[in-house]
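The values are calculated or read from the model by the stated rules, or taken from the named source; none is laboratory data. For clarity, every value in this text was computed on a predicted model and none was experimentally measured. Cβ atoms come from the backbone with ideal geometry, glycine included; neighbour counts cover every protein chain shown.
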Amino acid sequence: MTYAVPGRPPIRVGRFSGVWRGRLAAVTALGIGLLVLLAALNIGLGDVRISLGDVLGALVGGGDRAQRFIVLQLRLPRTLTGLLVGAALGMAGAITQALTRNPLASPDLLGVTGGAGAAALAVIALGGGGSGTAVGLLGGGGSGTAVGLLAGAGVPLAALIGGLLAAAVVYGLAYRRGMLTDRLVLVGVGVNAVAVAITSWLLVVAHVDQAAQATVWLTGSLNGRGWEHVVPVALALAVLMPAGLLVSFGLGALALGDDTASGLGVRVNRYRVTLGLIALVLAAVATAGAGPIGFVALVVPQICQRLVRAATPPLLTSAVYGALLTVTGDLIARTALPAELPVGIVTAVLGTPYLLYLLGRRNRGVTL
Amino acid sequence: MTEPAARLRAHQLRLGYGDEVVIDGLDLDVLDGTVTAVIGPNGCGKSTLLRGLARLLPARSGHVLLDGRRIDRYPTREVAKVLGVLPQAPVAPDGLTVADLVSRGRHPHQAWYRQWSGDDEQAVAEALAWTGMSECAERTVDTLSGGQRQRVWISMALAQGTDILLLDEPTTFLDLAHQVDVLDLVERLHREKGRTVVMVLHDLNLAARYAGRLVAMRDGAVVADGPPEEVLTASLLRTVFDLEARVIEDPVAGTPLVIPIGRRHRDDRADRADTEQADTDRADPNPDRADTDRADPEQADTDPDHDPDRADPDSRTATRIVDARADHRASNRR
């Protein structure tokens, strides 16, 4: 069948209308299928193997008590945390790359991850961390009290605040009569460097046990994630992801440049701040949930863009594949390697070759 | 006599970047249904004016009125249904198809839940057909030639369906044939669709041919404003461009035709003899040079022979040959 405009078959239901993109739908559906499969495997495999049938049984309330405990209290929340965090990172990366029109832009680059890491580390190293006992190494004074308060609230909250704070600093420094993307990226790199420096300093001054704990957190780990981690991340995503998808409607116009987009009726500065904020909060929430899991936000949107042959990273598809990469990474980290590694190391190993490939293309003068 | 209607007007407009004021106190009425070309030397504020009219650059003082309403107080999406703008040398992301790019012209008519209505589809199909790009609809923009690409952008502006269209140097980076092609398209937009067009142009002769009104600017102010016959005069070219020129009648269009007189031709009449001599050597069988000859006869004239040994012993001519070769190489690289 031919359409009035080749390559843009319409789908229209009542007042709703859009373009049917078969490739996008197929790739996304495939990603969801793989995600369900890998999530099920991640729940079934481990020191105690549980068959897929028993996993399903446990999920609906069957199976024996041990299986139900392992599935419902240990592996399901861990898998869900990985899934949600990966989805958030995938979408956050797709948004930042589309907004900055820069394939190397990711929340890692914009300071969020660094800020979250430094703040979380401050709590772990100086406040006693997840145990919740506010040791208060700084002792007395206003800052000591602040750290103590943060320690009480926990590492995730500190990471969230640190990430948002770093994002605010990046935005504040980069905004000057409009948000120029080059400046945003440069300031982001700078702020990230400061955060990394603080992190290193904290690792040096921290007690050796806490430093070890902090190092695990800093590579991004899904170890010991329970429902208390799933619920807040899920709630945040329930708001942020639909908001991102709705607002992303303007990205098509923005991809044509600021002036063209303005001419098409997009308030470019306000738009970039709004959507950028959604992406940064998504990234901060993800980092709060599982620590800074590297490369997901950077690599996944680029892979998805090539898979669906789009001109800009697809948001929803990136979320699905971000979740897929993270859950797969966790599965490999838990089962395939001799020692259980944090998931962030696995995603980094999977993602680094791709980053090098991208950099190589860029150095050869190919415009990305 | 009734005033001709002008939906887009600038009143005492002041525009600038940072601390620099580029335009101060400019008044301009863009008459409905006309094609206006803004001309002037580099840095005179042509593009700044266009950006101001298009609300891409906010007014420092004064204002731009669209349908009697201050454009900065108009919802920008509503403005985008009336006023379209094509920036200079717009860039599409790699991998974007022609149909998708043209469809983005529909953005002001869409919402998140309505991204491809029947109206959208019809407008885009028409715009593609009208610019002759329907055949290329599924190709990606980066595989097109510069001239085709500009057609696609104009197609996008057409799909936007605005009565007023502002074009910032729509012919930049195009060879002469494609410049004429794009301007023919603009002319048809005006004639067949009744669109009001304001465009910044560098080529004075093309501006005179395709615009009913020329606005000549220098140092951020309008120096002359009127039909090409009145604006393009030798004295104005001296005032606006610091250019000595003769203006004759264009043998094809009957519009003014500017013949620039460079320093070379002012200082030394002997050059003429050289040029005429070279003209008789034009039947050069060397196919490599055919393109250069057509693109720039002046350059070829100064290069009467490829063999450097046979170059004119006159040192002045020899230097010019070297210059022409350098130019030739430079243009090849481009």
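Quick one: residue B:89 ticks every box in (1) in contact (Cβ under 8 Å) with a residue 12 or more places away in the chain; (2) crowded, with 16+ Cβ neighbours inside 10 Å; (3) not basic (Lys, Arg) except a single one, so which number is it?
Of the numbered conditions (1) in contact (Cβ under 8 Å) with a residue 12 or more places away in the chain; (2) crowded, with 16+ Cβ neighbours inside 10 Å; (3) not basic (Lys, Arg), the odd one out for residue B:89 is (2).
Can you find a residue that is in contact with a helix residue (DSSP H, G or I) (Cβ under 7 Å, 6 or more places away or on another chain), surrounded by fewer than 21 Cβ atoms within 10 Å (Cβ to Cβ) and either touching a residue at least 60 places away in the same chain (Cβ under 8 Å) or more than 9 Å from every other protein chain (Cβ to nearest Cβ) (or both) anywhere in segment A:295-305?
yes
So residue A:32 fits all but one of (1) modelled with pLDDT of 95 or more; (2) in contact with a Ser or Thr (Cβ under 6 Å, 6 or more places away or on another chain); what number is the exception?
Of the numbered conditions (1) modelled with pLDDT of 95 or more; (2) in contact with a Ser or Thr (Cβ under 6 Å, 6 or more places away or on another chain), the odd one out for residue A:32 is (2).
Given the conditions (1) part of a helix (DSSP H, G or I); (2) at pLDDT 95 or above, report the number of the one that residue B:166 does not fulfil.
It is condition (1) that residue B:166 fails.
Scan A:311, A:284 and give me the residue that is more than 14 Å from every other protein chain (Cβ to nearest Cβ) and in contact (Cβ under 8 Å) with a residue 24 or more places away in the chain.
Answer to the check: A:284.
Can you tell me which residue among A:8, A:23, A:15 is within 14 Å of another protein chain (Cβ to nearest Cβ), in contact (Cβ under 8 Å) with a residue 12 or more places away in the chain and over 29 Å from residue A:343 (Cβ atoms)?
Step by step, each of A:8, A:23, A:15 is checked, and only A:23 is within 14 Å of another protein chain (Cβ to nearest Cβ), in contact (Cβ under 8 Å) with a residue 12 or more places away in the chain and over 29 Å from residue A:343 (Cβ atoms).
Being without any contact (Cβ under 8 Å) to a residue 12 or more places away in the chain and more than 11 Å from chain B (Cβ to nearest Cβ) is the filter; apply it to segment A:225-270 and report the residue that is farthest from the chain's Cα centre (by Cα).
So the residue we want is A:228.
Test residue B:58 against the criterion of being part of a loop (DSSP other than H, G, I, E, B), within 10 Å of another protein chain (Cβ to nearest Cβ) and farther than 30 Å from residue A:19 by Cβ, and give yes or no.
yes
Which residues, taken from segment A:245-277, are buried (at least 20 other Cβ atoms within 10 Å of the Cβ) and farther than 17 Å from residue A:101 by Cα?
A:263, A:264, A:265
Considering only segment B:43-59, I want to know if a residue exists there that is polar (S, T, N, Q), under 20 Å from residue B:240 (Cα atoms) and touching a Leu at 6+ places or on another chain (Cβ under 6 Å).
yes
Kindly indicate whether any position in segment A:284-300 is within 15 Å of the chain's Cα centre (by Cα) and more than 20 Å from residue A:325 (Cα to Cα). Before you say what the answer is, go through the steps one by one.
So the first thing to find is which residues in segment A:284-300 are within 15 Å of the chain's Cα centre (by Cα), and the list is A:284-300.
Those left that are additionally more than 20 Å from residue A:325 (Cα to Cα): none.
Among the residues of segment A:284-300, not one is within 15 Å of the chain's Cα centre (by Cα) and more than 20 Å from residue A:325 (Cα to Cα), which makes the answer no.
Of everything in segment B:76-132, what is of a type in the set (Gly, Ala, Ser) and either more than 7 Å from chain A (Cβ to nearest Cβ) or in contact with a Leu (Cβ under 9 Å, 6 or more places away or on another chain) (or both)? Give them in sequence order.
We begin by selecting, within segment B:76-132, every residue of a type in the set (Gly, Ala, Ser); these are B:80, B:84, B:89, B:92, B:95, B:99, B:103, B:105, B:111, B:117-118, B:123, B:125, B:127, B:129, B:132.
Hits for segment B:76-132 are B:80, B:84, B:89, B:92, B:99, B:105, B:111, B:118, B:123, B:127, B:129, B:132.
Which fully enclosed helices (runs of 4 or more DSSP H) of segment A:238-347 have 3 or more residues being in contact with a strand residue (DSSP E or B) (Cβ under 7 Å, 6 or more places away or on another chain)?
Ranges flagged: A:268-290.
For segment A:314-368, what are the residues that are away from every other protein chain (no Cβ under 14 Å), at pLDDT 90 or above and farther than 17 Å from residue A:40 by Cα?
Scanning segment A:314-368 gives A:317, A:318, A:319.
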